[in-house]
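Remarks on the structure that follows.
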């Protein structure tokens, strides 16, 4: 196993996130069993106070998860010099079976925590906390994921054994069987680009329709998730090629390097935020039927949808600009 | 959105004045917090700087070094090996190197002695590194004699001192002619210490190394990439170990932060009670307390980081240098190139700010959910 400060820090984050979410879900279990909004008992009062603690803990977990996501990719990137055949983070994540699942779990926990916090925000505005059971049910789903993330990440880092010159026996060429960074296969650029822009059009159209009629909500949520997936595929399939101006370099992580103006941050952060907002807006929208949320939901949903549309808009505009700016000719 | 921002502005405003009211207590915490960030960032900045320096130096290292091994130990390489190496496809220039270490009992240090054919030195001429010149108090034109392997003293004339810009490489270096080297160490004729080769296409270095291992079974080819990897691993490990050691300090800090946040003074409790009585909600108090933590963290983080930056890059990095740099009598005197790295800042945030937040979350919540009447009555 490697011990680097970043790995120590990542373990620290994963432990504290799993710890806080488990603590929160312990309280959540009690709330699910004993919650009775009509009761004025001391227990109910205590439970209501606990809800503040849970939302604070979840807010912390969301921030920590974002930090850990960034740090994880950066660490994989910086470790690439340690492994024969790994040119960047893709190679390092491919070293054992736990690299990419850990990354995906981090992304999943990030989105779920964001949805939870936004649900909580809407719920707190309803006088009778109508979403309490849904919220704490969701929390019980997040908790095992954070534990799984901790386990996967530990397994991943434990499985990293770097190839270095050993001082006496010099086993130099044991690395041939090392899994070489399998660059993700590129799609044919034309259909990929077509799909990317059709998806862009769809998201914006559904988003605008959603702003008028709330029943488009679930479709918008699905659209945002799909849009996120398509965006990632597009980044790997052709967008990265345009940025690197190299028809064979598909890495989605090298975009974060200073050598490419760290353009990855300007792409990924709005994309992640937009997906989180859009997903939450779509999930929240159906609750406008609940009496106490009748007035709250439309305003909240409109705000979130605008934020999502702005994020996606920024992402698509920046992508188009990157394609136009590039000297690479992919569609000849 | 603007009401949200206004609200946060007022909260920050209130928090700042509340912090000012309890100056001594908060300054104490701030001091410890800053010191913690300073310690961790010093380690990170220093090792990052050293790693970068090593990588920059190794950029000029040969593509492949070939050594000869006998019974697993490094041995002298016969000159007859150079020809088969030259014949390997893809190999550019090949030449044998003569170098070694010389223990000088006068300064109780090892010199690196190396033959530099490109300098055109006469048999008794030498060039020496700046640190060595300083320690032996030598200048150009001075004579310097070393006992040779045959037992006789070998007089050497200093004809130049190596540029101090390359001090990291040349601190303990002594360059001389092949004839001088052979009379100093008396090695068997037609042998070299090792051989270096250039590879025309650097991406083929690995294949070339495989061919060498196949053609000369007793050889040990070392790639530049492997040297870089080893340096990286060494610094990563040292850095990681210092971090693990410092975790005890971190734990102490977490306990302090928890204690500070949990032990509200009577005055603070009354303050929260009054705020709630005049209409503040639990959420507002929570937000105010979180702002308090955020402001403290930001101040401590920035101050600690800037201090560490100054200490490492301009103050000589006295603090962790012996652990991270390694140690030697003839240690080069060099200055690191300042640089800030995103990963480093993220890791620092994760090991300093995050534990502080974790430690204060529950106490903050406890404070925010206190009943106003309970506090006022108590």
Report summary line: Heads up, the stretch B:30-180 by the C-alpha gyration tensor (a ≥ b ≥ c square roots of eigenvalues; a/c under 1.5 rounded, else a/b over b/c prolate, else oblate) looks oblate
Report summary line: Quick shape check on chain A: root eigenvalues a ≥ b ≥ c of the Cα gyration tensor, a/c under 1.5 is rounded, otherwise prolate if a/b tops b/c, else oblate, and it reads oblate
Query raised in the report: If each residue's Cβ is checked for other Cβ atoms within 10 Å, how do B:176, B:121, B:302, A:225 rank with the fewest at the top?
Result: B:302, A:225, B:121, B:176
Report summary line: Fewest-first ordering of B:95, A:288 by Cβ atoms within 10 Å yields B:95, A:288
**Report entry** Peptides A:98-111, B:179-192, B:71-84, A:198-211 ordered by average Cβ neighbours within 10 Å, highest first
**Finding:** A:98-111, A:198-211, B:179-192, B:71-84
Report task. Express in whole angstrom the spacing between the alpha-carbon centres of the stretch B:97-125 and the stretch B:181-203. Result -> 14 Å
Report task. Ignore the peptide's own chain and count Cβ atoms of other chains within 10 Å of each Cβ in B:225-232; give me the average, rounded. Result -> 5
Query raised in the report: Does anyone have the angle between helix A:132-158 and the longest principal axis of chain A? Alpha-carbon axes, 0 to 90°, nearest 10?
Result: 20 degrees
Query raised in the report: For the peptides B:42-53, A:316-327, what is the packing order when you average, over each peptide's residues, the other Cβ atoms within 10 Å and list the highest mean first?
Result: B:42-53, A:316-327
Requested in this report: Take the alpha carbon atoms of the stretch A:275-297, find their center, do the same for the stretch B:6-67, and report the distance between the two centers in whole angstrom.
Outcome: 41 Å
Report task. With r as the distance between the Cβ atoms of residue A:318 and residue B:251 and R0 = 41 Å, compute the FRET efficiency 1/(1 + (r/R0)^6) and round to 0.05. Result -> 0.40
Report task. Quick one: work out the % antiparallel among DSSP beta bridges in chain B, nearest 5. Result -> 80 percent
Requested in this report: Mind pulling the angle between the C-alpha long axis of helix A:5-34 and the longest principal axis of chain A? Nearest 10 degrees, somewhere in 0 to 90.
Outcome: 20 degrees
Report summary line: Using alpha-carbon positions, the gyration tensor of the protein assembly as shown gives root eigenvalues a ≥ b ≥ c; with a/c under 1.5 called rounded, otherwise prolate if a/b exceeds b/c, else oblate, the class is prolate
Query raised in the report: Roughly how crowded by other chains is peptide B:336-349, in terms of the mean Cβ count from those chains within 10 Å of each of its Cβ atoms?
Result: 5
Report summary line: Rounded to a whole number, the mean other protein chain Cβ count within 10 angstrom for residues of B:297-308 is 0
Requested in this report: Convert 4 °C to kelvin, take the viscosity as 1.567 mPa s, use the Kirkwood radius over C-alpha pairs of chain B as Rh, and evaluate the Stokes-Einstein diffusion coefficient in µm²/s, rounded to a whole number.
Outcome: 50 µm²/s
Requested in this report: Could you work out how far the C-alpha centroid of the stretch B:272-291 sits from that of the stretch A:1-71, in angstrom?
Outcome: 21 Å
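Just so you know, all these numbers are worked out from the coordinates, no wet-lab data involved. Every value quoted in this text rests on a predicted model; they were computed, and no experiment measured them. Cβ coordinates were reconstructed from backbone atoms using ideal geometry, including for glycine residues, and neighbour counts include every protein chain displayed.
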